[in-house]
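A.B. asks: I'd like to ask some things about the structure below.
Please treat every number below as a calculation from the coordinates, not as lab data. Since this is a predicted model, take the numbers as computed values, not measurements. A quick note on method: Cβ atoms are made from the backbone with ideal geometry, for glycine too, and the neighbour counts reach across all protein chains shown.
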Amino acid sequence: MGGTPTITIELPEKSHQAFGRTKPKGLVVLDSGGHESRFYVPVAVARVLKSRYDKGELEVEGYCNLKETIESLSLECAWKRLLNLIDLRDYSSKEADEKLLMDGYSEQVRITTVERGRSCHLIDDSRFGEFFVRGKISAGWGRDRIARELERRGIDPSSVPGWPDEYFSDEDEYERARSIALRKHLSGKDDFSRIMRALASKGFPSSIAYRVARDLTDED
């Protein structure tokens, strides 16, 4: 007959926890009378398990019991992680999911946690998109670059309220692009190409960049 189940909890070396896109996981080993079961869990979950086990607060009855405990703790730790992230800045759904993925949470835990964030309006992709657009316009970004960066964050630009008419007009884009180009020191040598490259890197449409480069070099 097997004895009382025991567990061993191993945390990754601290020097290994800060590197790589996906963080190393903790290892939980359940020994049920000579039969081992291994669970690889996010570090935060492993820490809580170890703390409870060391204090004698973790009852280990068997595989199913431990699996349920890990699943429950994973949801708790993922939620705390999300709250800490949002306390620093706003996140889109995709960004939040990517952060939890990096920490090693399972797909189901990530889906449940992000949906919980949405349900209480801690995560709101529409709000995120609107503030992102206004912030990047203030930072001198052009419409094309803003659209690309929204998509990279999982936001369809067309889902942002008022996109694009409320934020952009050809004349506004022209004036912003011109203001940025005027900060460049024009040497008289290949100025047209320099202005085009500078404005393209900021994400202004090529038509706007061309107008500004042509007007400034003509004036010069």
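A.B. asks: How large is the dipole of the chain about the Cα centre if only Lys and Arg carry +1 and Asp and Glu carry -1, each at its Cβ, rounded to the nearest 20 debye? Could the numbers behind the result be given before it?
C.D. replies: Details: 36 positive and 39 negative charges, 139 e Å.
Roughly 660 debye, rounded to the nearest 20.
A.B. asks: Could you derive backbone 3J(HN,Hα) for the stretch 161-176 from the dihedral phi with the Karplus parameters 6.51, -1.76 and 1.60 (θ = phi - 60°), listing whole Hz in sequence and x where the residue is Gly or Pro?
C.D. replies: Those phi angles translate into x, x, 6, x, 4, 5, 9, 9, 9, 4, 6, 5, 4, 4, 5, 5 Hz.
A.B. asks: If packing is taken as the mean number of other Cβ atoms within 10 Å per residue, what is the order of 40-47, 104-111, highest first? Don't jump to the answer; show the numbers that get you there.
C.D. replies: Numbers: 40-47: 20.6, 104-111: 17.0.
The densest-packed peptide leads the list: 40-47, 104-111.
A.B. asks: Same structure, new question: Quick one: what Rg and Dmax do you get for the chain from the alpha carbons, in Å?
C.D. replies: Both quantities, over Cα of the chain: 25.9, 93 Å.
A.B. asks: If you don't mind, another one. By the gyration tensor of its Cα atoms, with a ≥ b ≥ c the square roots of the eigenvalues, what is the shape of the stretch 1-101: rounded for a/c under 1.5, prolate for a/b over b/c, or oblate? Walk me through the intermediate numbers first.
C.D. replies: Details: a/c = 2.52, a/b = 2.02, b/c = 1.24.
Taking the square roots of the gyration eigenvalues as a ≥ b ≥ c, the stretch 1-101 is prolate.
A.B. asks: In addition: Using a simple spin-label model with points 7 Å from Cα along the Cα→Cβ vector, what separation in nm is obtained for Arg183 and Ser158?
C.D. replies: The two pseudo-label positions are separated by 3.3 nm.
A.B. asks: When a/c is below 1.5 the answer is rounded, else prolate if a/b is larger than b/c, else oblate, so apply that to the stretch 126-219 with a ≥ b ≥ c taken from the square roots of the Cα gyration tensor eigenvalues. Could the numbers behind the result be given before it?
C.D. replies: Values: a/c = 2.76, a/b = 2.33, b/c = 1.18.
Judged from the Cα gyration tensor, the stretch 126-219 comes out prolate (a/c at least 1.5, a/b above b/c).
A.B. asks: Once phi is turned into θ = phi - 60°, what whole-Hz ³J(HN,Hα) does the Karplus curve with 6.51, -1.76 and 1.60 give for every residue of the stretch 122-137, x standing for Gly and Pro?
C.D. replies: 6, 10, 9, 5, 5, 5, 4, x, 5, 5, 4, 4, 5, x, 6, 5
A.B. asks: When ranked by the protection proxy of mean other Cβ atoms within 10 Å per residue, highest first, what sequence do the peptides 184-192, 93-101 form?
C.D. replies: Values: 184-192: 11.4, 93-101: 19.3.
With the highest mean Cβ count within 10 Å placed first, the list reads 93-101, 184-192.
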